[in-house]
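The values are calculated or read from the model by the stated rules, or taken from the named source; none is laboratory data. The model shown is predicted, which means the values in this text are computed figures rather than measured ones. Heads up, the Cβs are rebuilt from the backbone with ideal geometry, glycines too, and the neighbour counts pull from every protein chain shown.
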């Protein structure tokens, strides 16, 4: 029965794949692949190339697409994305701050820069790129690490009915790969026997389906040999379809509150402590009662009160003592009981709650249980037509596959940045081919002659040689050249307009791609050009990329919180301010166990799993920063007094800036000390004046002289110290000033030299 159920699950995976492999997806994949081929400069089909060769025309292409895509990719992936975590409560703030460092750590061990670049490249050239967040179980000596990966876009099949650009509303997301049987057995050694029995070469079906719908993009010869591979033993190793199906399902959970009592040894210790405290309190009250009795006895002897009043006061004091003792004893016992009983909260599945309810020992300690439903992602894996491998529930509520589309169409089939450029690229290629073909014809003339009028071999050899004398036989008309039709000037206009149109469509001007003849004359013009040239990219970043990255951060949060549940130390390299490379290494530790006096773990410090916080993408973190523009901005802020010189120097590229900042900091400290000394000197001078007035008024001239001598001595010593400090400060300030002036002059000279070169280059071109 179980085997039949597993077989049905495997068959269902294949059915879902067939459902997703619709005609619309086939058309999209064909167009997407065509765009990617144009990006790779594969811009002529086999038929087009053969036709051009038969006509004697050139088959080259002038690739205008690749530079545009590369500069777009650079601006989007210039920096790594950064996530900021915000704690839900004050107790979660510390863990939330650590989460950003954990994300940086996992990004680093995943080679996130390369992964991110590939995802964006797929988005620009194929229409969509995919992140995958999963757990590398073998990393960190088997403890596992959460990692970022990218997926080949054509391996991903999304529910065709999805209308969310993040595919959060998709009923399923399927990943289908064609892998050799041997490779699958290496991937899943625990299922080696099952994989060995798997049948059905689904790769043939897959590619035949694609071939029918995208014949222009994928040629038959490209897929003719994909059905078989060579195994390690040299024998044929067939290729099988491997299916991973992610689905969202609702599951019942219980929020259970359980009473936990302390062990007997802890109870005994707490009760002994309470008893000792009560005895001490009783002894203290007895002393107070005796003191009260003595006071009453003295009052009675002095006649202040009568004997009956004294007896009444003592009875009243004794009664108050007894009542206070009883109340304190009850309070201590209540506190002890509260410390010995703790209410723990835990979330369990429906199945786990049933087991707890059936257990008498556990059930009697359940204070309350609240049922709720939550989405969980279920992963089902199968091979071939009907071989089921496993099914597991992932600890996340959102799909671990996160897309980044370029031009969202309201369907799972977005358009790439290359698609609008294909027509203009073909137009440019055709115009160049025609112009070059015409130039070849004009440079290598064809001749018309009567048969037998010329020695053909001699004419073929020397007809194109400069100054050649070509003879023809008497009695025949001289050969006449066949001149090509003059090239239409419209082709030159088409090329220029095609170039401009490509820049207009993509939003990337030539100046951003490094063409010096297109560069502005001024440095500010260059900065403005970069600012305006990236507006369309910034729009895509703010509306698509950043929301996708924010969603990626939340999925990572769910995955990492459920995985990192033990005591772990993360070592993260933090770059220094103003530096792209290098930096300081710091450590972050989470899930630090807390033990009681008996060595039992009673909790965790910085409990990462139970912390509640939200994750947001830091807007604009992936966009590049123009260093020169940033330095100029910091200089203006420094001039306006908004920042100090240390903050400005930290953002420059001055050599030895770390030492300069240290000297400047030391100078600031010494200056503060001088100010304190000056204030102290003023206070002492004020003290001198006060003493002089007091002594003069008192008429004690001798004391005035003595005080003045002592104070003047202190003043002379202070002035001497101040002079030494000022000399040292002057030397440090002069040194720092010279270093900073040399650094600034270097920066200014570089900027002026770059500007002069740009102007000279433009003048030469003109």
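Here's the yes/no breakdown for (1) exposed (fewer than 13 other Cβ atoms within 10 Å of the Cβ); (2) touching a strand residue (DSSP E or B) at 6+ places or on another chain (Cβ under 9 Å); (3) at pLDDT 85 or above:
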| residue | (1), (2), (3) |
| --- | --- |
| 278 | no, no, yes |
| 284 | yes, no, yes |
| 291 | yes, no, yes |
| 303 | yes, no, no |
| 312 | no, no, yes |
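Per the listing 202, 214, the residue uniquely modelled with pLDDT under 90, in contact with a strand residue (DSSP E or B) (Cβ under 8 Å, 6 or more places away or on another chain) and not assigned by TED's automatic domain parsing to the domain that holds residue 546 is 202. Among the residues making up the range 148-162, those that are under 16 Å from residue 379 (Cβ atoms) and crowded, with 16+ Cβ neighbours inside 10 Å are 149, 151, 156, 157, 158, 159.
When 239, 258 are screened for being part of a strand (DSSP E or B), within 30 Å of residue 363 (Cβ to Cβ), touching a strand residue (DSSP E or B) at 6+ places or on another chain (Cβ under 8 Å) and touching a residue at least 24 places away in the same chain (Cβ under 8 Å), only 258 passes. The helices (runs of 4 or more DSSP H) found entirely in the range 1-107 that carry 2 or more residues being more than 29 Å from residue 426 (Cα to Cα) are 2-20. Restricting to the range 148-165, name every residue that is within 21 Å of residue 35 (Cα to Cα), part of a strand (DSSP E or B) and within 20 Å of the chain's Cα centre (by Cα). Within the range 148-165, 150, 151 qualify.
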